[in-house]
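A.B. asks: Can you keep this structure in mind? I'll have questions shortly.
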Amino acid sequence: MPLVNMKDMLAHAYAEGYAVGGFDLVGLEFLDGIMQAAERERSPVILSLAESHFDYYDFELAMAASVAAAERAGVPVAIHLDHGASLESAVRAINLGCNGVMVDASHRPYAGNVAATREVTHMAHACGVPVEGELGYVAGVEGEDAERHPGEVVYTAPDEAARFVAETGVDFLAVSVGTVHGRLRGEPRLDFERLAAINAAVGRPLVIHGGTGLSDEQFRRLIANGVSKINYYTALADAAAARIRANDREGAGYTALLAGVREAVAEETARCMRVFGSSGRAEAVLAAAAPWRPVEHVILYNVEGVGEAEVGDMMAEGRRVLSRIPGVRRVVTGTAVKADARYRFCWLVEFVHPAVIDSYREHPDHKAFADNRFRPVAGDRVSIDYQAGPGPDGAGSGRSDV
Ligand code: 13P
């Protein structure tokens, strides 16, 4: 199960002097193409889902597909929320399976950016999930001509960057040193001196947004100055669109138009992996990064003083309330199949990370539900938190399908 801890993944890249691509996907063709490239290149990869793209696809379905793709992969994968707009977005992304989140409050004045980012960091760290924040402003819109969205690029100031990291606790910092989102005419001028000063002041993985249109040499200099994650989208979208245009002949149907799109995305992704230096690093990252495995919180119980209809109501409320707590992947309630079972009912609550065992227990919604609805009627119960894993002999992954 090569979903790995993204903090470990980027720590490896930062220490070894290469960068991992955060490739934004907008559909199954992209997901498939990106994963094919990662397997072919034996490269770690970040599947990136940008909130600004949620009009183009169903985030929940795309997350299910991304998690499935990561679980069957032979290379290390992280799944990241790109440009998250709010605390609620970050909670939703984590509960759907993202193991890294970006909060983008870079358009706000410094104090507002710190406050919004700190809120997300506090929540995400209690779920074991690392956070990317952005300081300075990278203008433009992914997938469009950058010239049409001139905006005001705000460069990141090195001393403010160090203060921002200390005040927010972000694990990775997205910086503005002259890149823009979207399609470019000509080469942007990047401020490498500024980047070197930020790297010296911050000392942790830096992130570049707006990867499209940079030269190989620019990528190399960015990476040499602490950039460990590069966000990349527009060039993938352009490669996909060019393939569709080339397929557009009289009478061409949907599948004929899409023929070769996955390969086009894979080719451009693989090219980036070679330039970023992540090709051939999969085995080293798998050895260095902790696997990302959920925790199953299981409770078996009997009730006293209430009928089965009331138990059904309680279970429904629990599924609704508990599944919204940060770090909860799903809540399953059940009833024993056999009448003589030692315990008649069960809860199965899946946490994204062991850190959630404590943050869930202390969460006010959990406390209220447990104290008022559950514990008063379920005195006879056992509970256990366990993690799917290889078992005491260390052999295998703990799953039958890998
Ligand atoms: P490009 O679309 O310019 O590659 O930028 C992607 C990006 O930064 C996504 O966050």
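A.B. asks: So which of Ala15, Ala11, Ala19, Ala37 ends up being more than 17 Å from the chain's Cα centre (by Cα) and within 21 Å of Leu173 (Cα to Cα)?
C.D. replies: The conditions single out Ala15.
A.B. asks: Take the conditions closer than 28 Å to Ala115 by Cβ, among the acidic types (Asp, Glu) and in a strand (DSSP E or B) and apply them to Glu142. Does it pass? Step through it out loud before you land on a result.
C.D. replies: Values: closer than 28 Å to Ala115 by Cβ: yes; among the acidic types (Asp, Glu): yes; in a strand (DSSP E or B): yes.
Against the criterion (closer than 28 Å to Ala115 by Cβ, among the acidic types (Asp, Glu) and in a strand (DSSP E or B)), Glu142 qualifies.
A.B. asks: Sticking with this structure for a sec: Which condition number in (1) assigned to a helix (DSSP H, G or I); (2) hydrophobic (A, V, I, L, M, F, W, C); (3) within 16 Å of the ligand (Cβ to nearest atom) is the one that Val177 fails?
C.D. replies: Answer for Val177: the failing condition is (1).
A.B. asks: On to the next question. Over 21 Å from Arg381 (Cα atoms) and in contact with a strand residue (DSSP E or B) (Cβ under 8 Å, 6 or more places away or on another chain) - does that describe any residue in region 340-352?
C.D. replies: We begin by selecting, within region 340-352, every residue over 21 Å from Arg381 (Cα atoms); these are 352.
Cutting the leftovers down to in contact with a strand residue (DSSP E or B) (Cβ under 8 Å, 6 or more places away or on another chain) gives us 352.
Taking every residue of region 340-352 in turn, at least one turns out to be over 21 Å from Arg381 (Cα atoms) and in contact with a strand residue (DSSP E or B) (Cβ under 8 Å, 6 or more places away or on another chain).
A.B. asks: For Leu135, which of the numbered conditions (1) over 30 Å from Ile357 (Cβ atoms); (2) touching an Asp or Glu at 6+ places or on another chain (Cβ under 9 Å); (3) touching a residue at least 40 places away in the same chain (Cβ under 8 Å); (4) within 13 Å of the ligand (Cβ to nearest atom) fails to hold?
C.D. replies: For Leu135, the failing item is (4).
A.B. asks: I'm trying to understand the selection: among the residues of region 229-255, which are among the acidic types (Asp, Glu) and either surrounded by 15 or more Cβ atoms within 10 Å (Cβ to Cβ) or in contact (Cβ under 8 Å) with a residue 60 or more places away in the chain (or both)? It would help to see each step written out before you state the result.
C.D. replies: Step one: filter region 229-255 for residues among the acidic types (Asp, Glu), giving 238, 248, 250.
The answer is Asp238, and nothing else.
A.B. asks: Answer with yes or no whether Ala241 is within 15 Å of the ligand (Cβ to nearest atom), of a type outside the set (Asp, Glu) and farther than 23 Å from Met9 by Cα. If you could, list the steps in order and put the result at the bottom.
C.D. replies: Values: within 15 Å of the ligand (Cβ to nearest atom): yes; of a type outside the set (Asp, Glu): yes; farther than 23 Å from Met9 by Cα: yes.
Yes, satisfied.
A.B. asks: Taking the condition of being under 18 Å from the mean Cα position of the chain (by Cα) and basic (Lys, Arg), how many residues in region 40-64 meet it?
C.D. replies: So the count comes out to 0.
A.B. asks: Quick check: anything in region 188-200 surrounded by fewer than 24 Cβ atoms within 10 Å (Cβ to Cβ), over 23 Å from the mean Cα position of the chain (by Cα), within 13 Å of the ligand (Cβ to nearest atom) and in a loop (DSSP other than H, G, I, E, B)?
C.D. replies: The answer is yes, given that some residue of region 188-200 is surrounded by fewer than 24 Cβ atoms within 10 Å (Cβ to Cβ), over 23 Å from the mean Cα position of the chain (by Cα), within 13 Å of the ligand (Cβ to nearest atom) and in a loop (DSSP other than H, G, I, E, B).
A.B. asks: Then there is this: Suppose we filter region 68-112 for residues that are assigned to a loop (DSSP other than H, G, I, E, B), hydrophobic (A, V, I, L, M, F, W, C) and more than 15 Å from the ligand (Cβ to nearest atom); how many remain?
C.D. replies: Our first condition is that a residue be assigned to a loop (DSSP other than H, G, I, E, B); within region 68-112, this holds for 72-76, 85-86, 97-99, 104-109.
Then drop every residue that is not hydrophobic (A, V, I, L, M, F, W, C), which leaves 73, 75, 85, 98, 105.
Checking the rest, the ones that are also more than 15 Å from the ligand (Cβ to nearest atom) come to 73, 75.
Total meeting the criteria: 2.
A.B. asks: On to the next question. Answer yes or no as to whether His12 is at positive phi and either without any contact (Cβ under 8 Å) to a residue 40 or more places away in the chain or out of contact with any Asp or Glu (no Cβ under 6 Å at 6 or more places or on another chain) (or both). Full working, then the answer.
C.D. replies: Values: at positive phi: no; either without any contact (Cβ under 8 Å) to a residue 40 or more places away in the chain or out of contact with any Asp or Glu (no Cβ under 6 Å at 6 or more places or on another chain) (or both): yes.
For His12, the condition - at positive phi and either without any contact (Cβ under 8 Å) to a residue 40 or more places away in the chain or out of contact with any Asp or Glu (no Cβ under 6 Å at 6 or more places or on another chain) (or both) - is not met.
A.B. asks: So which helices (runs of 4 or more DSSP H) stay within region 279-380 end to end and still have 1 or more residues that are over 30 Å from Ser43 (Cα atoms) and among the β-branched types (Val, Ile, Thr)?
C.D. replies: Details: elements: 282-288, 308-322, 355-362, 364-369.
Passing ranges, in order: 308-322, 355-362.
A.B. asks: From Leu214, Leu258, which residue is of a type outside the set (S, T, N, Q), within 13 Å of the ligand (Cβ to nearest atom) and either surrounded by 15 or more Cβ atoms within 10 Å (Cβ to Cβ) or more than 20 Å from Asp159 (Cα to Cα) (or both)?
C.D. replies: Testing whether each residue is of a type outside the set (S, T, N, Q), within 13 Å of the ligand (Cβ to nearest atom) and either surrounded by 15 or more Cβ atoms within 10 Å (Cβ to Cβ) or more than 20 Å from Asp159 (Cα to Cα) (or both) leaves just Leu214.
A.B. asks: State yes or no: is Ala65 within 15 Å of the ligand (Cβ to nearest atom) and either of a type outside the set (Phe, Trp, Tyr) or crowded, with 24+ Cβ neighbours inside 10 Å (or both)? First the steps, then the outcome.
C.D. replies: On the way: within 15 Å of the ligand (Cβ to nearest atom): no; either of a type outside the set (Phe, Trp, Tyr) or crowded, with 24+ Cβ neighbours inside 10 Å (or both): yes.
Criteria not met by Ala65.
Where a number appears in this text, it was derived from the coordinates with a stated rule and is not lab data. Small disclaimer: the values here were computed from a predicted structure and weren't measured. Every residue, glycine among them, receives a Cβ derived from its backbone with ideal geometry; neighbour counts consider all protein chains shown.
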